[in-house]
Each structure stands twice: as C-alpha cells, then as structure tokens.
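Here's the structure we're looking at; comments come further down.
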Amino acid sequence: MTPRRLVVVGASLAGLRAVTAARECGFDGRVTLVGAEEHLPYDRPPLSKEFLAAEEEPPPPTHPDAALLRDGLGVELLLGEPATALDPTARTVTVGGAEIPYDALVIATGARPRVLPAHRPPAPPLDGVHPLRTLDDARAVRRALDAGARTVVVGAGFIGSEVASEARRRGLDVTVVEALPAPMSRSLGAETGAVFADLHTTHGTELRCDTTVTGIEGHGRVERVLLSDGSAVEADLVVVGIGAAPATEWLAGSGVAVRDGVLCDPYLATGTPGVWAAGDVARRQLAGHGRTLRLEHWTNAAEQGALAARNAVGPGPAEPCTTVPYFWSQWYGHRIQFVGLPEGEQVEILGDTATPCFIALYRSGDRLAGALAVNRAGAVPGLRRLVRAGASWAQALAHAGRLATSSSTKGTK
Ligand SMILES: Cc1cc2nc3c(=O)[nH]c(=O)nc-3n(C[C@H](O)[C@H](O)[C@H](O)COP(=O)(O)OP(=O)(O)OC[C@H]3O[C@@H](n4cnc5c(N)ncnc54)[C@H](O)[C@@H]3O)c2cc1C
C-alpha cells in the first residue's frame, strides 16, 4: 500500500525531523504531528546550559524549522494534547477523543524523567523540586536560581552536573548527591569518574557520593533534603536528574512490543505493520548483533527521526540505522564529548587528567567501542570515524598516540 497519511506522535526533535524528512523525500500526502506539550518543537540541550546561563530569560530554543511546519511543510499540528491509545488494526491514534487515521505512524514520544522515590506519592508534592526535561521545568529552575536558591542536585549525570555548574557560576551553594562512588563511574569507569568528581569539588560544589536521598521535607515548598548517611542539607531548589524512562504507557494494549523502549529492527520498523519508532523512545536491534540499543542523545534522535520517516513513506528502499552514538556536555567551562559506547573490559586514558585534557578509549574484545574526549574537541571527528569503521584496538591506540604527539607538539587542547 502506498501510504497517504503519515502520523508522527511526539513533537520534539525526532518528530520534527520525521515530518521534515517526509516532505524532503517527496511525500505529498497528509502529515499530522501530535505533541503533548503546547510548544512548537524546541531543543532540549540548551535547557541545562545556555537557557540557564543567559543574563535575561532567553526566548524558547525553538528549532529554526519549527515555524515552517504549518505553512512551509503543510503539516497539521495537534499540540497540547497527548495521544492516549493506538489501534493498529483500525490504524488509528486516539488524541483527545478523536481517532486520527494513519497509513504510516512514527512513534517519537521520547522519555520522561524518573521521579525520586522519596518524592513519589504518598509523599506530599513540594514546590521547588523539579526534574529538568521540559521548557517549563527549565523556566522554573531558572527562576529559582535567579532568586539565589540553595541548590541540591540529585544525580551527578550530565544534566545534573550542568545545573550544578551553572549554580556555582552564579556563586550559589550547591550540593550534588550521587549514589555511585563517583559521577558516572558505572558507565564511564572509576578513573574518569574521579576526574569528574574533581571538576565538581574544585569549583566549590559539595559532592556527596555513595549517598542517596531518603526524604525531602518542607511545608508546601522544599526546606531540606534528608540523606542516607543521616545528614540533612537545607535547600530552596532540588533538581532531580536520575535518568529518564521511555514514554510508552500510551501504547499499552496496542500490541506494539515494548521493553524499556519501543522495540524495532535496524530499519526502525516495529513488528506492528505500518509503525516505526525513533529517538529516545526507540530500542533498536543492532544490525549483525543479537543486541538492542536505546540512546538518549540529540544526534541519535535527529538522525533516527529522519530515517524512520524516509523508511515509512519514502520512495526508495528502506535503509538501516547506522548512527554512531555521540553526546556532548559542558560543565565549569570544560567540554566533555563521547562517541560510540562506554563499554568493554579496558579503559585506556591518554593525556592529562589533572588539567583535565585527555581522551579515554574503551576496548571491547579487540575493537574500539567508544571514546571520551575531555577538552579535546579537535580529536572527536577522527575518533568518530574510527568507531564508525569498527577500528581495531591496535588502530585506536596508534591513532590516539599520534593525537597525543601532535597535541603536545602544537601545545593545543
Ligand atoms: C536538559 C537536557 C539536556 C540535554 N543535553 C544534551 C546534550 O548536551 N547532548 C545530547 O546529545 N543530548 C542532550 N539531551 C538529550 C536530547 O535532548 C534528547 O536525546 C532528545 O531531546 C530526544 O528527542 P526525542 O524527540 O526522541 O524525545 P523528546 O525530546 O523527549 O520528545 C518527546 C516529545 O513527545 C511528547 N510526548 C510524550 N508522550 C506523548 C504522547 N503520548 N502523545 C504526544 N506527545 C507525547 C513529549 O511531551 C515530548 O515533547 C538533553 C536532554 C535534556 C532534557
């Protein structure tokens, strides 16, 4: 069947790229974009970076092509209302009581922040406790920082660490509470975890590792955070950054296979005819592996959104997803980038962890699985090419050795 009606659920990065790519590949049928938020698609990475750091509250980081959706691309926008059900037999999506018919559907509903156990019902809701996922969250966090909030960040992952960094830049008291022995030590390794811990402490952030939150107290709004070591930290703002879970509850009963994400093949097709998935919500099978992978990265969402739509409605043969995972972050003025996957049995660090200015290579078998670059942005494109090419460990070490020589010769970061 030649599809004539494309419906994309989730009006953020993956959804925007899906509808844009559908038009770019010549699809002239009906395109509907359904989004639970009222906003036009906007970018999330600035929410924990530039949006918090700007002198005055900046305008929403709306994607430049979002304004073109209705008039330029002829996309029907259904914003401010979530899809609540999918009927794959009738090929309809339920939105606010209406049944929206589709021939091809792209699921791009992303992920939702995990709620701190100490803050779940029956614990009373308290003002001043926020995740940081949406524009509305970022506005609330920004207002609290503007008011000089004593800040507690729960979770020393990338987003939490970015918030801590911004709060310290403003000279505020900041405590970061982390369950692991060091930030991201489980995924990136103990040695790099120690580097990230140093970044926090040398910038005046109090880092409480091997510690969890057991309670949040206050009368209507947060006053203090109780910790597993029996201590309490006074707080006006608590930012919870303990990860996100794929937004799949609306698919319950639809028959679409879900296991920590919507399961899809390397072409991003789910096992349900006419249904594709993309972005943070998609758990795709890796071509040539028995493994599946779900990523929460900007580049992944952008590339997958476009690919899912081309495979769903484009004229050409379906193509597999070949995205090389890539992620960046920025704390205390330090640029942190990762390509590939942080897995395997060995981590080799090359460079200076004190400055810090180094790369860390992750070995899986005799292959390079991934690479971390701290203040080594110039090294990233080459490392990305190596990961994409499936470089051997020996090739990766030789490449890194050449990088180290050239950077010490040039004295560059
Ligand atoms: C604060 C922050 C900072 C980040 N920084 C970086 C970074 O520096 N580098 C990087 O690589 N990545 C970063 N990321 C991750 C990156 O932003 C995400 O990977 C990307 O936004 C995923 O896009 P997506 O479209 O798949 O999902 P999302 O952006 O999560 O969008 C999904 C959309 O679907 C909507 N939705 C959910 N359920 C429904 C429903 N039932 N019906 C209709 N709509 C629904 C949601 O409201 C949401 O608008 C950051 C994320 C955050 C939150």
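The values are calculated or read from the model by the stated rules, or taken from the named source; none is laboratory data. This is a predicted model, so every value here is computed, not measured. Here the Cβ is made from the backbone with ideal geometry for all residues, glycine too, and neighbour counts use every protein chain on show. Side chains are part of the model used for accessible areas, which takes the heavy atoms of the whole protein and leaves out ligands, DNA and RNA. Shrake-Rupley method; radii C 1.70, N 1.55, O 1.52, S 1.80 Å.
Sort 175-185, 24-34 by packing, meaning the average of other beta carbons within 10 Å per residue, with the highest value first.
Final packing ranking: 175-185, 24-34.
Ordered by packing density, taken as the mean number of other Cβ atoms within 10 Å over each peptide's residues, highest first, how do 156-164, 241-249, 202-210 rank?
Packing order, densest peptide first, comes out as 156-164, 241-249, 202-210.
Counting other Cβ atoms within 10 Å of each Cβ, which GluC sites (Glu not before Pro) in region 310-390 have at most 10 and sit in a DSSP loop?
Glu345
At 0.36 nm per residue, and after removing the present C-alpha to C-alpha distance, how many nm does the segment from Arg114 to Glu345 gain when stretched out fully?
In short, 80.3 nm is gained.
Once phi is turned into ³J(HN,Hα) by the Karplus curve 6.51 cos²θ - 1.76 cosθ + 1.60 with θ = phi - 60°, what whole-Hz value does each residue of region 389-403 show in order, with x for glycine and proline?
7, x, 4, 6, 4, 4, 4, 5, 5, 5, 4, 5, x, 5, 4
Just subtract the alpha-carbon distance of Asp65 and Leu79 from 0.36 nm times their residue separation and send over the number in nm, one decimal.
Net length gain for the segment: 3.4 nm.
Taking H as built 1.01 Å from N, whose amide H comes closer than 5 Å to the amide H of Thr62, not counting residues under 5 places away?
Asp43
Kindly state, to the nearest 0.05, the FRET efficiency for Ser364 paired with Arg169, given R0 = 41 Å and r defined as their beta-carbon distance.
Working: r = 37 Å, r/R0 = 0.90.
Result of the calculation: an efficiency of 0.65.
What net charge do the residues around Gly72 carry, taking every other residue with its C-beta under 11 Å from that of Gly72, with Lys and Arg at +1 and Asp and Glu at -1?
In short, 0.
Amide H to amide H, which residues 5 or more places from Leu207 or on other chains are under 5 Å from it, using H placed in the peptide plane?
Val176
Considering only C-alpha atoms, what is the centroid distance from region 258-326 to region 121-171, in Å?
Value for the Cα centre distance between the two parts: 32 Å.
Using 7 Å Cα-to-Cβ label points, what is the Asp229/Asp146 separation (nm, one decimal)?
3.5 nm
For the charge dipole of the chain, defined by +1 on Lys and Arg C-beta atoms and -1 on Asp and Glu C-beta atoms about the Cα centroid, which residue among Leu251, Val222, Pro342 has the Cα displaced farthest towards the positive pole?
Working it through, the farthest residue towards the positive pole turns out to be Pro342.
Might you report the magnitude of the Cβ-based charge dipole of the chain about its Cα centre, with Lys and Arg at +1 and Asp and Glu at -1, to the nearest 20 debye?
About 1080 debye.
What shape does region 295-413 have by the C-alpha gyration tensor, where a ≥ b ≥ c are the square roots of the eigenvalues, rounded means a/c under 1.5, and otherwise prolate means a/b greater than b/c and oblate the rest? Intermediate values should be presented prior to the final figure.
On the way: a/c = 2.41, a/b = 1.76, b/c = 1.37.
Prolate.
What is the list of residues in region 91-108 whose amide nitrogen lies under 17 Å from a point 7 angstrom out from the Cα of Arg5, following Cα to Cβ?
91-107
How much length is gained if the chain between Thr355 and Asp127 is pulled fully straight, taking 0.36 nm per residue apart and subtracting their Cα-Cα distance, in nm to one decimal?
Using 0.36 nm per residue and subtracting the Cα-Cα distance, I get 78.2 nm.
Quick one: 3J(HN,Hα) in Hz for region 140-145, Karplus 6.51/-1.76/1.60 with θ = phi - 60°, rounded, Gly and Pro as x.
My calculation for region 140-145 gives 5, 5, 4, 4, 5, 5 Hz in order.
With a 1.4 Å probe and every protein chain left in place, tell me how much accessible area Glu56 has, in Å² to the nearest 10.
Counting only protein heavy atoms, the figure is 140 Å².
Thr201: accessible area at probe 1.4 Å, nearest 10 Å²?
It works out to around 70 Å².
Could you list which residues have their amide H under 5 Å from that of Ala245, counting only those 5 or more apart in sequence or on another chain, with H placed in the peptide plane?
Placed amide hydrogens put Arg112, Arg114 under 5 Å from Ala245.
So if we plug the beta-carbon distance of Asp28 and His289 into 1/(1 + (r/R0)^6) with R0 = 30 Å, what FRET efficiency do we get, rounded to 0.05?
The calculated FRET efficiency here is 0.25.
How do Trp328, Trp393 rank by accessible surface area computed with a 1.4 Å probe, from largest to smallest?
Order by accessible area, largest first: Trp328, Trp393.
For Leu368, what is the net charge nearby, where nearby means another residue's Cβ is under 14 Å from its Cβ and Lys, Arg count +1, Asp, Glu -1?
Its environment carries a net charge of +1.
Which FRET efficiency, nearest 0.05, do Arg221 and Glu56 yield, Cβ-Cβ r, R0 25 Å? Please report the intermediate quantities before stating the final value.
Values: r = 25 Å, r/R0 = 0.99.
With R0 = 25 Å, the Cβ-Cβ based efficiency is 0.50.
Can you give the local net charge around Ala391? Use residues other than it whose beta-carbon is closer than 14 angstrom to its beta-carbon, Lys and Arg +1, Asp and Glu -1. Please report the intermediate quantities before stating the final value.
Working: positive: Arg363, Arg367, Arg384, Arg385, Arg388, Arg402; negative: Glu348, Asp366.
Residues near Ala391 contribute +4 overall.
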